[in-house]
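Here is the structure we will look at, set down as structure tokens.
The values are calculated or read from the model by the stated rules, or taken from the named source; none is laboratory data. Because the structure is predicted, anything quoted here is derived from the model rather than measured. Note that each Cβ is placed from the backbone with ideal geometry, even for glycine, and that neighbours are counted across all protein chains shown. To get the accessible areas, we keep the full protein, side chains included, count just its heavy atoms, and leave off ligands, DNA and RNA. Shrake-Rupley method; radii C 1.70, N 1.55, O 1.52, S 1.80 Å.
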Amino acid sequence: MKKQNIKLIIGEVFTFILMIVFFFPFMMIIFNAAKDDTEIIRNPLSLPTNLLNMYHNAIEILGRDNIDYFQSFGYSTIITVVSLIAIGTFSAMAAWVLVRTKTKYSVFIFMLFLSGMVIPFQVVMLPLVRLLQTMKDVTGIPFKGTVHGVILAYIGFGAPLSVFMFYGFIKSIPMDIEEAAIIDGCSKSQVFFKIILPILKPIFVTMLVLNGMWIWNDYLLPLLILGKGTDVQTLPLSVANLVGFYDKEWSLILTSVLMAAIPVIVLFLFAQKHIIKGMTSGAIK
Amino acid sequence: MKKIDFKTKLAHILLSIYAIIVLPFILLSKVIDWGINIFVSAINKDRSDKNDGSTETKKEIEPVQIIKFKDDKERSTAGKYLYDVWFGPSYTAQNNRVFVYFLLPSFGSFILFVFIPFINGLWLSLTDWTIIKTDPSFIGLENYKTIFSDYKFVYSFTRTVMYSVLNILAINLVAFGLALLVVQKFKLKNLYRAAFFMPNLIGGLVLGYIWQFIFNKALESLGGIFSPSLITNGNTALLGLIIVISWQYAGYIMMIYIAALQNVPQDLVEASKIDGANAWQRLKTITLPLIAQSFTIAMFLTLTTSFKQFDTVVSLTQGGPATKLPLWL
């Protein structure tokens, strides 16, 4: 018994040290965001001498006009939230009708969705830009450099994985529930929105977490559709703008990195249980 | 940077919200209304038919025939078919309407933004298209010949394969090790899990900047093997990239392994303990076979992320040193 306890304590200490090692990069950002440039060059590893520097750096970043922090934060939030709601609802709707309609068309469409999962974005991106240009020429509505263009693209790119996940989950929901609802007088769409959607909650959380992390942190798709240095910028794009502009001004770069990472980390700390549960259950299914 | 005024911005935002959320639902309600109208009119027609059974009035309201049918029976079957299957109040028609309707938003944007560009890209790869040229002409497999005879592409392709294999091994080893540690009965178990998972929240681009700072400034100031910085040399840059990606991704894969390890029945482990198996034998013969399925998932996930890596590479080394990191563009 005693021998086991000692083993456990050694293991715990070891894990704790490992955790500190894992946290080293985070500590580096936080320490160095609170220094000015000369101090960073002299000794990047030491503790900061004056914590007020972090505040000065943050103020300076908010003042720079090539990284409009609040604006790009707002755009990031709008794009992420709207695309998540849209991807979730639309994919669940599509998956539900695909599961419940057993024809060769539905199987074919599901196969098309599956094939979309293995198409890497890099293959699609240049023709996509060309297509968006054509769409503007034809309809007169600009898709490049606009929020709705990005959101529509995210719905398309998020659909395959989400439909696949919802498909597997909906298959396990018994048909009897829906039949009972129909007998009680529900229309088809009411069956989905009142019966099926509430049941989908756990897998919906998984979908939100996976897609949310991807969309919030995505760089390539906004870069292609929005472009660098235009009016509509997401957070990763603004950080890239700042780095491109003030190369090697590390105190500002690290502060901006910290400011870009903090919203997600705060969200994670609040919803930790749901996020971890959502991620693992989605992967195992 | 050109500033646009608040009104235009607001218009963009409203337009996007409208396009994404409101429009489909308006359409939905329109179609439902339409269905109900047809349904109601059908019932009314039924009623009026029953009320005045005289044949004279029926002839008066008979519509103009566009297609000539042999007899009444044929007309009713052919004409009714579309109505019954798509627009009628029957259960089948309702089913069909809902099928198209529910599928359209996500399938439509999937086709528009993923599938058509993909096919278009395949076609363009067989032509001499450039950004400026408007009417590309077909040149067959010429582009593929050019690119595979290009030293840079072949080099970065082999580098990518090499990096992917090493990366998959590294991530899985680290993740499995962490998972084995974290499933022990430690006091701060949940804290460790959250901490190891945390790097996964930071996006590829930002991550690259953080590590660029660490490699180029923080570690270089230590001297020794870290100076000159790891990411300035081709071979060590590969190692640096593997460290970065493992640091980011191991937490996620660890979660998958934890979920699998918790499903291993404890009585089997205890039975083998009584039979005298040591820790390594228990791991090899009991645990590993039981969590084999999660290995497949983890391999698949790590494989796709390794090959698709772009943001981190850009921000870490700008694709340098000299096309030695996976960057095909």
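Only one of the listed residues (A:Phe24, A:Phe31) is of a type in the set (Phe, Trp, Tyr), closer than 30 Å to B:Leu180 by Cα and part of a helix (DSSP H, G or I). That residue is A:Phe24. Within the range A:37-66, the set of residues being assigned to a loop (DSSP other than H, G, I, E, B) and open to solvent by 50 Å² or more (accessible area, probe 1.4 Å) comprises A:Asn43, A:Leu45, A:Leu47, A:Thr49, A:Asn50, A:Leu51, A:Asp65.
Residues that are within 11 Å of chain A (Cβ to nearest Cβ), open to solvent by less than 40 Å² (accessible area, probe 1.4 Å) and touching a residue at least 40 places away in the same chain (Cβ under 8 Å) do occur in the range B:105-120, at least one of them. Looking across the range A:67-89 at every residue that is within 12 Å of chain B (Cβ to nearest Cβ) and within 15 Å of A:Thr255 (Cα to Cα), the one that is surrounded by the fewest Cβ atoms within 10 Å (Cβ to Cβ) is identified as A:Asp68. Taken across the range A:15-30, residues that are surrounded by fewer than 19 Cβ atoms within 10 Å (Cβ to Cβ) and in contact (Cβ under 8 Å) with a residue 12 or more places away in the chain do occur, with at least one present. Checked against (1) more than 10 Å from chain B (Cβ to nearest Cβ); (2) touching an Asp or Glu at 6+ places or on another chain (Cβ under 9 Å), A:Glu178 passes all but condition (2).
Would you confirm whether or not the range A:123-145 contains a residue that is within 8 Å of another protein chain (Cβ to nearest Cβ), free of Cβ contacts under 8 Å to residues at least 12 places away in the same chain, of a type in the set (S, T, N, Q) and assigned to a helix (DSSP H, G or I)? Within the range A:123-145, none of the residues are within 8 Å of another protein chain (Cβ to nearest Cβ), free of Cβ contacts under 8 Å to residues at least 12 places away in the same chain, of a type in the set (S, T, N, Q) and assigned to a helix (DSSP H, G or I).
Here's the yes/no breakdown for (1) on the phi > 0 side of the Ramachandran plot; (2) within 12 Å of chain B (Cβ to nearest Cβ); (3) in a helix (DSSP H, G or I):
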site	(1), (2), (3)
A:Ala159	no, yes, yes
A:Met165	no, no, yes
A:Ile173	no, no, no
A:Gly185	yes, no, no
A:Asn211	no, no, yes
A:Trp216	no, yes, yes
A:Asp231	no, yes, no
A:Leu242	no, yes, yes
A:Leu252	no, yes, yes
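Name the residues in the range B:140-164 that are aliphatic (A, V, I, L, M) and loosely packed, with under 12 Cβ neighbours inside 10 Å, would you? Full working, then the answer.
Pass one, the range B:140-164, residues aliphatic (A, V, I, L, M): B:141, B:147, B:154, B:161-162.
Scanning the range B:140-164 gives a single hit, B:Leu141.
For the range A:231-263, filtering for residues that are open to solvent by 10 Å² or more (accessible area, probe 1.4 Å), more than 17 Å from A:Phe70 (Cβ to Cβ) and of a type in the set (Val, Ile, Thr) leaves 1.
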